[in-house]
1. For the chain, what does the helix formula give at 222 nm: sum of -39500 (n - 2.57) over DSSP H segments with n ≥ 4, over the residue count, nearest 500 deg cm²/dmol?
2. Count the net charge of all other residues whose Cβ sits under 14 Å from the Cβ of Gln38, scoring Lys and Arg as +1 and Asp and Glu as -1.
3. Please give the peptides 59-66, 87-94 ranked by average Cβ packing (other Cβ atoms within 10 Å per residue), highest first, as a rough proxy for protection.
4. Can you give the local net charge around Ala25? Use residues other than it whose beta-carbon is closer than 12 angstrom to its beta-carbon, Lys and Arg +1, Asp and Glu -1.
5. With contacts defined as alpha carbon pairs under 8 Å and 6 or more residues apart, what's the relative contact order of the chain in percent?
6. If you roll a 1.4 angstrom probe over the protein chains with everything in place, what fraction of the accessible area of segment 64-167 belongs to carbon and sulfur, to the nearest %?
7. Note the full-extension length gain between Tyr86 and Glu59 as 0.36 nm times their separation in residues minus their Cα-Cα distance, in nm to one decimal.
8. Given segment 116-170, what whole percent of its Cα pairs are spread farther than 15 Å?
Amino acid sequence: MSVAQIWDGPPIDGVKGWFRDPDIASLIEVLSSRRIPQEEGEAAIKRFAEAQPEDKRDERLTLLFAGLWDKVMGQRRTVMSGIVKYQKSQKERAKELERQTTQISELESKLPPGIHEDTPEIAALREKFNWAQRIFQERQSNIPLACELPVLIEERLYAFVRAIRADMKT
């Protein structure tokens, strides 16, 4: 995701130091917290903008956007990294399930003809496999939820960008 996809305001290249401004830094903490309802965040942006001197408003709002962009994109990168790790972990679990299935099949093929009951060894492997499969399936069902999070982060950021731009003159 690039700045140009959501921001049509002044360039933010070289706009730094937002964390040194206590008002902006605390507002960014509020806006970047997903626990704060979006409407409250938009209202906080409005209050902040109205409190700025007319001649400095656009500059301050640009600094607010630059800081919000930094903070939210950091959060998004962390979430994306977590999704990648989660998916790699699932691939490893799938390989382990395949290995266990092969092991059970090999042991079953060695059973004498006419024996339909599991040996204690096969029963233990099958139980271990069933638990591993259940965990895999439960984790797999969480992937769509995890993948929605970056989209929600982007939508929230875009809503705040619209609120910031609405209070700017340029």
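The values are calculated or read from the model by the stated rules, or taken from the named source; none is laboratory data. The structure displayed is predicted, hence computed values, not measured ones. Here Cβ is always computed from backbone atoms with ideal geometry, including for glycine, and neighbour counts include all displayed protein chains. Surface accessibility is based on the protein's heavy atoms, side chains included, excluding ligands, DNA and RNA. Shrake-Rupley method; radii C 1.70, N 1.55, O 1.52, S 1.80 Å.
1. My calculation for the chain gives -27000 deg cm²/dmol from helical runs alone.
2. My count for the surroundings of Gln38 gives 0.
3. The peptides rank, most packed first, as 59-66, 87-94.
4. Taking every other residue near Ala25 into account, the sum is -2.
5. This gives 39 percent for the chain.
6. After summing per-atom areas, the C and S share lands at 57 percent.
7. Value of the extension gain: 5.7 nm.
8. The share of Cα pairs beyond 15 Å in segment 116-170 comes to 70 percent.
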